[in-house]
Amino acid sequence: MNSIVTGLQWGDEGKGKIVDFLTEKADFVVRGQGGNNAGHTVIANGKKYVLHLIPSGILWEEKTCVIGNGVVMDPVGLCEEIATIEAQGVSVKAEQLLISDRAHVVMPYHKELDAAREAALGDSKIGTTKRGIGPTYSDKANRCGFRLADLFDREKFVGQLAKRIEDANETLSKYGLETFTVEGVLAQIDPAFERLRPHITNTIPVLNKANKNGSTILFEGAQGFFLDIDFGTYPYVTSSNTTSGGASTGTGVPPHAIQNVVGVCKAYTTRVGEGPFITENQDISDYLHGIGREFGATTGRARRCGWLDTVLLRFSCMVNGVTQLAVTNLDGLDERETIDICVAYDIDGKRHEYPPAVSDDWYRAIPVYETLPGWLEDTTGCRKWEELPTNAQAYLKRLAELSETDLGYVGIGPDREQTIIL
Ligand code: GDP
Ligand code: IMO
Ligand code: MG
C-alpha cells in the first residue's frame, strides 16, 4: 500500500518525523512539490537532521529517495544540504537519491526576484522564505523556466539564460538589488550541476515500474494545506499544490496508486510568515516560545502559535481524503490547565463550518471555542494509547470527531520512538 504524508495546517506539522517513521515499511520516499522552502526535522539515533530538498527517508540507507518532477530544485542549495548531512554521517549515494530530469531549476536570480517581489509588496508582503520558490514556479507556468534536462544542451541553455537574465536584471535594478551576468550564474550553477549529474534521471518509469513490481512508495508532502495555491489563504500561500492531489502530478505516479493519506497536524496550530490566523493566541505563543519550541527549521523565525482549529482540519481532511490523522506535539499541551478547540467561525453573525475563500473574510472571523480540561501530566514517555492520560485521550477523540477523520498516530516527542500507533 502506498501512502502520502501531507500537512493539514500551515506547514511544520511534523511531516519529516512521520515520514522517517513510516519509511521503515517503504521502499521509495518521494517529494513531488515545493523546494528548499521546506524544513523537515528528523531526530533519530540521538542526532537532529533538518532536510529541505532531500526526502526525509534518507536516514534509511537501503531505501531510495526521489526528488520528483514537480519540485523546484536549487542545485546550489541541494549540494550544501548533501554536504551537511554527509558530515553528519548519512550516506547520499547516487542510487540513494534520484532527481527528476523534469524538475525545474531555482536559479540565483530567482532568489533575488523573490526578495524584489517582497520589497514591492511592502506592508502586504507574503513573508516568503526567500528561496526563489514563487519566481521559479512563475517561470514554469510562464513557460520560460529551465528544467534539469535543459542544462544538458549547453549551447541552447546558455543562449536562453542570457535572455532570462536580461529580463530579471530589469526588475532587480528597479529595486536596487543585485543584478546578474551569464558568467556569474554559470559559475554558481555549473559546479553544482556537475556534482548532481549522477543523480539526475527519468524518475517516472523508475517509480511506476517499482509500483507495478509491488514496491511500496511513500510520498512526502511539503508545506501544508493552507499554504496550497488553490485551497490556502490566498495570496498568503506558497506557489504549489501542497495537497494529496499534487503528489500525482508532482511525481508522475497516477492517483489510484496512492491508497492511504496520512494527514499530519499539531495538537495546536502554528504559522510562519504573514496572512490570516484566526485562532492565533499570544498566551499560547509566549508559552511555547518560553519552553523553547516553535522556531522555524528553515529561517529560524519564531512561529506564530494558536489553539487547534478544527474548521481548518475539517476542510483539509476532506479535500486531501485523509484516511489517518497523525497528531503531533501533543506533549506541547502537557502543562496547560484548560485547552481551547475552535469548532466554527462566526463571520458577521453567521456560523461557518468551513473556511471562507477570501482573506478579508478570514480577518473578520471570530473563533467559536469549546474548552476542554487539560491533563497536567508528562506524556513524553507514553508508548501506547492506554498509557495516555484520560483527558488527553478525550482531547484527541474530540479532535478526530470534529475533523470527521480517524486517528492513526500520536506524537508525544520529536524522537522517532515517541510515536504512538493506533
Ligand atoms: P515539518 O516541516 O512538517 O517536517 O515540521 P518541522 O520539522 O518544520 O517542525 C516540527 C517540529 O516539531 C520539529 O522541531 C520536530 O522535531 C518537532 N516534533 C515533531 N513531532 C513532535 C512531537 O510529537 N512532539 C514534540 N515535542 N516535537 C515534535
Ligand atoms: P514545511 O515543508 C511553514 C510559508 C512561508 C510564507 C509562504 C510562502 O517545512 O512545512 P515561499 O517561500 O514558499 O514562497 O513562502 O509559505 N512556507 C512555509 N511555512 N513550513 C514550510 O514548509 C513552508 N514553506 C513555505 O513562511 O508564509
Ligand atoms: Mg518545516
Exercise. Just wondering, is there one or more residues in region 31-50 that are at pLDDT 95 or above, hydrophobic (A, V, I, L, M, F, W, C) and over 22 Å from A302 (Cα atoms)?
Worked result: no
Problem set entry | Check on I18, among the hydrophobic types (A, V, I, L, M, F, W, C) and within 16 Å of ligand 3 (Cβ to nearest atom) | yes
Problem set entry | Members of region 142-159 found to be part of a loop (DSSP other than H, G, I, E, B), under 18 Å from V182 (Cβ atoms) and not small (G, A, S), listed by number | C144, F146, D153
Exercise. Would it be correct to say that G411 is within 16 Å of ligand 3 (Cβ to nearest atom), surrounded by 16 or more Cβ atoms within 10 Å (Cβ to Cβ) and over 18 Å from V262 (Cα atoms)?
Worked result: no
For this session: Look at region 28-58 and say how many of its residues are buried (at least 24 other Cβ atoms within 10 Å of the Cβ) and away from ligand 2 (no atom under 16 Å from the Cβ).
Result: 1
Problem set entry | Filter result (crowded, with 16+ Cβ neighbours inside 10 Å, within 12 Å of ligand 2 (Cβ to nearest atom) and charged (D, E, K, R)) within region 271-323 | R271, E274, E294, R303, R304
Exercise. Does E118 count as loosely packed, with under 14 Cβ neighbours inside 10 Å and either assigned to a strand (DSSP E or B) or not polar (S, T, N, Q) (or both)?
Worked result: no
Seminar exercise, completed: Of the residues in region 59-97, those that are hydrophobic (A, V, I, L, M, F, W, C) and either in contact with a Phe, Trp or Tyr (Cβ under 8 Å, 6 or more places away or on another chain) or assigned by TED's automatic domain parsing to the domain that holds G296 (or both) number 6
Exercise. Hey, does region 82-96 have a residue that's surrounded by fewer than 24 Cβ atoms within 10 Å (Cβ to Cβ), part of a helix (DSSP H, G or I) and in contact with a Lys or Arg (Cβ under 9 Å, 6 or more places away or on another chain)?
Worked result: yes
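Let's see how each residue does on (1) more than 16 Å from ligand 1 (Cβ to nearest atom); (2) of a type in the set (S, T, N, Q); (3) buried (at least 24 other Cβ atoms within 10 Å of the Cβ):
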residue	(1), (2), (3)
T216	yes, yes, no
P235	yes, no, no
T238	no, yes, yes
T242	no, yes, yes
P255	yes, no, no
N260	yes, yes, no
Y268	no, no, yes
For this session: Tell me, yes or no, whether region 225-232 has at least one residue that is surrounded by fewer than 18 Cβ atoms within 10 Å (Cβ to Cβ), within 15 Å of ligand 2 (Cβ to nearest atom) and farther than 17 Å from G70 by Cα.
Result: no
Problem set entry | Answer residue from region 375-395, given it is under 27 Å from the mean Cα position of the chain (by Cα) and surrounded by fewer than 20 Cβ atoms within 10 Å (Cβ to Cβ) and is nearest to ligand 1 (Cβ to nearest atom) among those | T380
Seminar exercise, completed: When restricted to G221, G252, G263, G273, the only residue at positive phi and within 16 Å of ligand 3 (Cβ to nearest atom) is G273
Problem set entry | Failed criterion for L288 (all others in (1) within 12 Å of ligand 1 (Cβ to nearest atom); (2) of a type outside the set (S, T, N, Q); (3) not assigned by TED's automatic domain parsing to the domain that holds G413 hold) | (3)
For this session: Name every residue in region 335-391 that is farther than 24 Å from E274 by Cβ and part of a helix (DSSP H, G or I), in order of residue number.
Result: W385, E386, E387, T390, N391
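Checking the condition closer than 16 Å to N281 by Cβ, within 27 Å of the chain's Cα centre (by Cα) and of a type outside the set (K, R), which residue from L333, L372 passes?
Working: L372 fails: within 27 Å of the chain's Cα centre (by Cα).
Exactly one residue qualifies, and that residue is L333.
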Exercise. Hey, any hits in region 291-301 for a residue that's in contact with a strand residue (DSSP E or B) (Cβ under 7 Å, 6 or more places away or on another chain), more than 21 Å from G127 (Cβ to Cβ) and aliphatic (A, V, I, L, M)?
Worked result: no
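The values are calculated or read from the model by the stated rules, or taken from the named source; none is laboratory data. All of these numbers come straight from a predicted model, not from anything done at the bench. Cβ coordinates were reconstructed from backbone atoms using ideal geometry, including for glycine residues, and neighbour counts include every protein chain displayed.
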